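Only one structure is covered here, and it is reproduced in the block below.
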Amino acid sequence: MRVLFFLMMMIISGITATAQTFRMVNDVANEDLVTTIFGKTKVALLTDYLKISAIEENAFQSALMEYENDKSPWLSERIALLKMYNAEFSSLDNAKLNTLTKQLINNDLEFGRLQMRYFRKMNKVLGATRAAQFFQLDNYIEQSTRVYIQKQLPFIQELESDKQVGAAHLKPLTMR
């Protein structure tokens, strides 16, 4: 039930997005968002965090570029689906909403399958531990860029301001 609620919240945030937000997503490449958020490129983050040696560098760069190229259509589809929500918000009926929700869920499933394929490749290049770390960091970067974009949506901004007001009345938890 929580997962369904979370998915619906994401869909609603996509629906209420302004055209400016989607213009920003299209105009700013994902790599630029990563640099804006983390102060480094994704390649630099991965290379530093995974401690890629000079010997591994060529194989890693090749596998990474192949992964990013295969990931690009997934990201483009995700953005297109969110743009569709925004453009058709006023005319969405239950059937269209159902279709778009299924497309978003399928998009996420496709991304999971892509990661599984590349986990095998990264495992050969980096070994199991660093391949797992690669996908942990890749997922963290992906989620961070999603949060960065969603924080600019009116619905999320309203939610964040409500959260801050509500949090002001909370007392810190103490251990007994």
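The values are calculated or read from the model by the stated rules, or taken from the named source; none is laboratory data. Since the structure is predicted, the reported quantities are computational estimates derived from the model, not experimental observations. In this analysis, Cβ positions are derived from the backbone assuming ideal geometry, glycine residues included, and neighbour counts consider all displayed protein chains. The protein model used for the area step is the full one, side chains on, heavy atoms only, and it has no ligands, DNA or RNA in it. Shrake-Rupley method; radii C 1.70, N 1.55, O 1.52, S 1.80 Å.
Calculate one ³J(HN,Hα) per residue across region 56-72 by plugging θ = phi - 60° into the Karplus curve 6.51 cos²θ - 1.76 cosθ + 1.60, and present them in order as whole Hz with x for glycine and proline.
7, 3, 4, 5, 5, 4, 4, 5, 5, 5, 5, 4, 5, 5, 6, 6, 4
Please give the peptides 118-127, 31-40 ranked by average Cβ packing (other Cβ atoms within 10 Å per residue), highest first, as a rough proxy for protection.
Listed from highest to lowest mean packing, they are 118-127, 31-40.
Label residue 57 and residue 80 with points 7 Å out from Cα along Cα→Cβ: what is the distance between them in nm?
It is 3.7 nm.
Quick one: if the Förster radius is 45 Å, what FRET efficiency do residue 91 and residue 128 give, using the C-beta to C-beta distance and rounding to 0.05?
Efficiency, rounded to the nearest 0.05: 0.35.
Return the subset of 121/151; 40/124; 42/71; 40/121; 51/121; 102/151 for which the Cα-Cα distance in this structure is over 22 Å, preserving the input order.
In this structure, 121/151; 40/124; 40/121; 102/151 exceed 22 Å between Cα atoms.
Around residue 41, with a cut-off of 13 angstrom between Cβ atoms, what is the net charge of the other residues, counting Lys and Arg +1 and Asp and Glu -1?
Details: positive: 40, 42; negative: 31, 32, 48, 68.
Neighbourhood net charge equals -2.
Residue 130 accessible area, nearest 10 Å², 1.4 Å probe?
50 Å²
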